[in-house]
Amino acid sequence: MDYIVLDLEWNQSNTGEEPEVSSLPFEIIEIGAIKLNDRGVMLGEFSELIRPTVYREMHYITSRLIHMQMQELERGKPFEEVGARFLEWCGEDSVFCTWGNSDLTELQRNLRFYDMAPLADGPLKYFDVQKLFSIAFEDGKSRRSLESAVDFLKLEKDIPFHRAFSDAYYTARVFDNILEKAPQVLNHVSYDVFHAPKDRKSEVKVQFDTYAKYISRAFADKNAAMKDREVSSSKCYLCHRNLHKKIRWFTPNGKNYYCLAWCDKHGYLKGKIRMRKTEDGKVFVVKTTKLISEEAAEELKIKKERAVEQHKRHRENEIRNRKKRNL
């Protein structure tokens, strides 16, 4: 298996008035990548500019960040041509590695915009090198910039940052350090969820050291999702038993849902559901379950009380406003 360490540069609208903004908010203008084998040895490199077809003016932030002008992009090739050549270069037995969690989503969005075959028909497994760096060398929660990680590892900075190939190059060097010094963190795989699981059989269930993750198939709406038994269940990821809920699922904002369960063997478990929208307006669920302390359980109880009070005030305001309109 090879690793494809990928970085993209993209442009966006200056005005937000183009009809394509909703379907292609970010148009890829450069692809850079390094191919590594499982020992971190470089096998090849890829670097190509893409001639834009949607956003013909460079966004001022993009231009300032990557020091590129639109005239330079005119020498590029169409996305369909570059994208096809890039995917052929990647090969079949490879896994993507990126700094952060946005590049693969935008690559898949661009592929769909140009009616090209998707990278996968469901969640795409990849390595988020930024996250792995934090797990390997820091607290697992912080997220450094790429240049800061390079400085931390005392790697030589021999080419400028903020172009697709150079950032892929530095990401590959950081990833090589992880392979050498902390290969055990590779069990912390990530999933790009541009495409939700297509059915129950292809749903994702994965267990990590300190939590479990579940990615559901798509549902018509949030209510349908929360009525599903697998979505709403609480299970201990260590002993796999169904648990009694101390706090049933609640939401403070309509996007994230929380619950608290109790395992007689392992203690309190916190469930968190994030509602994600599919491209066709449906919803799917990303649920995590992890053990928490008694103090954290008390904090969740307070969060529930605040959410109840907030919903109560919201209902009262709705009733009050309705009465005013009827006067």
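Structure values in brief
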| item | result |
| --- | --- |
| C-alpha center-to-center spacing [the range 270-324, the range 115-158] in angstrom | 30 Å |
| Total charge dipole magnitude, the range 1-114, about the Cα centre, Cβ charges on Lys, Arg, Asp, Glu only, Debye to nearest 20 | 120 debye |
| Which of TRP249, TRP10 has the fewest Cβ neighbours within 10 Å, and the rest in rising order | TRP249, TRP10 |
| Signed unit charges on C-beta, dipole axis of the chain, positive-most listed residue PHE133, ALA196, LEU155 | ALA196 |
| Computed magnitude of the charge dipole of the chain (debye, nearest 20; Cβ of K, R +1, Cβ of D, E -1) | 2900 debye |
| Volume in Å³ per residue [convex hull over Cα atoms, computed for the range 2-190] | 126 Å³ |
| For the range 1-41 versus the range 46-97, the gap between their alpha-carbon centres in whole angstrom | 7 Å |
| Rg followed by Dmax, in Å, when the range 150-202 is reduced to its Cα trace | 16.0, 48 |
| 0 to 90° range, to nearest 10: angle between helix 294-326 axis and the chain longest Cα axis | 80 degrees |
| Reference-scaled alpha-carbon Rg (2.2 N^0.38 Å with N residues) for the range 214-263 | 1.19 |
| Kirkwood-based shape ratio for the range 198-314, expressed as Rg/Rh from alpha carbons | 0.97 |
| Measure of compaction for the chain (Cα Rg per 2.2 N^0.38 Å) | 1.15 |
| Residues of type lysines that LYS265 reaches as a straight line, Cα spacing below 17 Å, ignoring anything fewer than 8 places off in the same chain | LYS235, LYS245, LYS246, LYS290 |
| Cα centre as origin, Lys/Arg/Asp/Glu Cβ charges: the range 2-190 dipole, Debye | 480 debye |
| Most positive-pole-ward Cα, TYR214, LEU269, PHE86, against dipole of the chain from beta carbon charges | LEU269 |
| Rg over Rh, two decimals, the range 84-227 (C-alpha only, Kirkwood Rh) | 1.00 |
| Ranked SER166, SER23, criterion: other C-beta atoms within 10 Å, fewest first | SER23, SER166 |
| Set of aspartates and glutamates near LYS287 by C-alpha distance (under 14 Å), chain-local residues within fewer than 8 positions excluded | GLU203, ASP228, GLU230 |
| Reachable lysines, given that their alpha-carbon falls under 26 Å from the alpha-carbon of LYS77 and they are not under 8 places away in the same chain | LYS35 |
| Normalised convex hull volume, the range 240-304, alpha-carbon set, Å³ per residue | 88 Å³ |
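Each value in this text was obtained by applying a stated rule to the coordinates, not by laboratory testing. Just so you know, these numbers come straight off a predicted model, no measurement behind them. So basically every Cβ, Gly included, is an ideal-geometry build from the backbone, and we count neighbours across all protein chains shown.
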